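A short worksheet on the structure shown next.
Taken together, the values in this text are just the output of simple stated rules run on the coordinates, not laboratory data. Given the structure is predicted, the values throughout are model-derived calculations rather than measurements. Cβ placement follows ideal geometry from the backbone for every residue including glycine, while neighbour counts extend to all protein chains displayed.
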Amino acid sequence: MPPESLKSNPDDEVTVSVYRMDEKEIERVEIEEYVLGVVSSEMPINFELEALKAQAVAARTYTVRNLLHPDTSKLPQGADVTDSTLHQVYNNTSELKERWGNKYEENINKLKQAVSDTEGMIITYQGEPIDASFFSTSNGFTENSEDYWSASIPYLRSVPSPWDKNSPYFLDNKTFPLDEIETKLGVEISKSGKIADINRTPSQRVSSIKINDKVIKGMDVREALGLKSTDFNFERKGNNIYITTKGSGHGVGMSQYGANGMAEEGKNYKDILEHYYKDIAIDNINSNQDIKQGIAKK
């Protein structure tokens, strides 16, 4: 069962049909309850309240955009989203009670405040809900959208995020046997000297590497080797390759640990969102008739 409704007007609800991957069932939930279940799963509950509010607005924005422009190609009939990282991770009350135990009441009340204090709020650019992408931890800067994906999106620009250095996920190290790297990347690495030529984006993430005559995108290297981010460095140690990464996630949009760092310095959720998403507005779906009518037609 989802938590009790946070909406003041149950006759004017926007609902989300969530496909529960494990149960293979669709759970229909009011949008504010859905946002609560997403924030509980996508951001640490011990984060500052203003960071949780920023996450709530980002999650709601993602949801509204998805309702207005659905992509049902990977969904069963009748579903709007899944409860997985394909969309946004979502847990309902029963799952949260099991996870939190005797901390449930304290945690759920904190989340309810984050959601109710931002009720209906979404991020828009030129009147449209944005692609409110977010990730765990930056390398000190966020990434321009086109430097990780293909499209240049005006509100997804690289900005400084110095707070992330305090994240437990800021640095990561992995060691691979040389032949494992060669197999996973489909290359042959020289037995001595430089491992690869590396090209970097303005935020110092790897855009591509070149080994012999083969060029591989940084995001493909990250995926093939299971790295935390695309800011990585190679170091040869005997027959092993030692890889250090900075940050965790794709780097585009709002850094969650950066958001928490800003909140710890006294910034509110609007300050946070306006830092990570450029030239945006904070709108309310309850007063934006175009958006409300668009959702009603879904």
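Take the alpha-carbon positions of segment 131-170, form their convex hull, and give its projected area averaged over all directions (one quarter of the hull surface) in nm². Mind showing how you got there, number by number?
Values: hull surface 11.4 nm².
Answer in nm², one decimal: 2.9.
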Globularity index of segment 188-275, i.e. its alpha-carbon radius of gyration over 2.2 N^0.38 Å
1.39
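Can you list the equivalent-ellipsoid semi-axes of segment 112-195, largest first and in whole Å, using the square root of 5 times each Cα gyration tensor eigenvalue? Each step should come with its number before you reach the end.
Numbers: eigenvalues 286, 67, 32 Å².
Over the Cα atoms of segment 112-195, the ellipsoid semi-axes are 38, 18, 13 Å.
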What helix-only [θ] at 222 nm does the chain give? Using -39500 (n - 2.57) per DSSP H run of at least 4, over all residues, to the nearest 500, the answer is -9500 deg cm²/dmol
Highest GNM mean-square fluctuation among P160, P76, P129, for the chain with Cα springs under 10 Å, belongs to P76
Taking only the Cα atoms of segment 236-277, how large is their convex hull per residue, in Å³?
82 Å³
Provide the descending list of Cα extents for segment 119-273 along its principal axes, expressed in whole angstroms.
57, 30, 22
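Using only Cα atoms, what Kirkwood radius does the chain have, in angstroms?
The Cα-based Kirkwood calculation yields 20.6 Å.
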Would you look at the GNM of the chain, springs on alpha carbons closer than 10 Å, and say which of E264, E146, E98 moves the most?
E98
Per 10 Å bin, what percent of the C-alpha pairs of segment 40-192 does each bin hold, from zero upward?
9, 26, 33, 21, 9, 2
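Once you keep just the Cα pairs under 8 angstrom separated by 6 or more residues, what percentage relative contact order results for segment 216-255? Let's see the in-between values first.
Values: 41 pairs, mean separation 13.3, N = 40.
Worked out over segment 216-255, it gives 33 percent.
Please go through segment 154-227 and write out the trypsin sites (Lys or Arg not before Pro) that DSSP classes as loop and that have at most 13 other C-beta atoms within 10 Å.
Values: sites: R157, K165, K174, K184, K191, K194, R200, R205, K210, K214, K217, R222; in loops: R157, K191, K194, R205.
In loop regions of segment 154-227 (DSSP not H, G, I, E or B), the sparsely surrounded trypsin sites (Lys or Arg not before Pro) are K191, K194.
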By the Kirkwood definition, with r running over pairs of different Cα atoms, segment 150-203 has a hydrodynamic radius in Å of 15.3 Å
Restricting to Cα pairs under 8 Å and 6 or more apart, the percent relative contact order of the chain works out to 22 percent
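Please compute the net charge surrounding S145, taking Lys and Arg as +1 and Asp and Glu as -1 over other residues with Cβ under 9 Å from its Cβ. Numbers along the way, then the final one.
Numbers: positive: R157; negative: D131, E143, E146, D147.
Taking every other residue near S145 into account, the sum is -3.
Roughly what % antiparallel, to the nearest 5, for the DSSP beta bridges in segment 1-125?
Beta bridges within segment 1-125, antiparallel portion: roughly 75 percent.
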Residues meeting the amide H criterion for V16 (H placed from the backbone, H to H distance under 5 Å, 5 or more places apart or on another chain) are V29, E30, I31
Given a cut-off of 25 Å, name the pairs among K228/K270; K103/K270; K53/K165; K53/K103 whose C-alpha atoms lie farther apart than that in the structure shown.
K228/K270; K103/K270
Over segment 199-295, relative contact order from alpha-carbon pairs under 8 Å, at least 6 apart, %:
14 percent
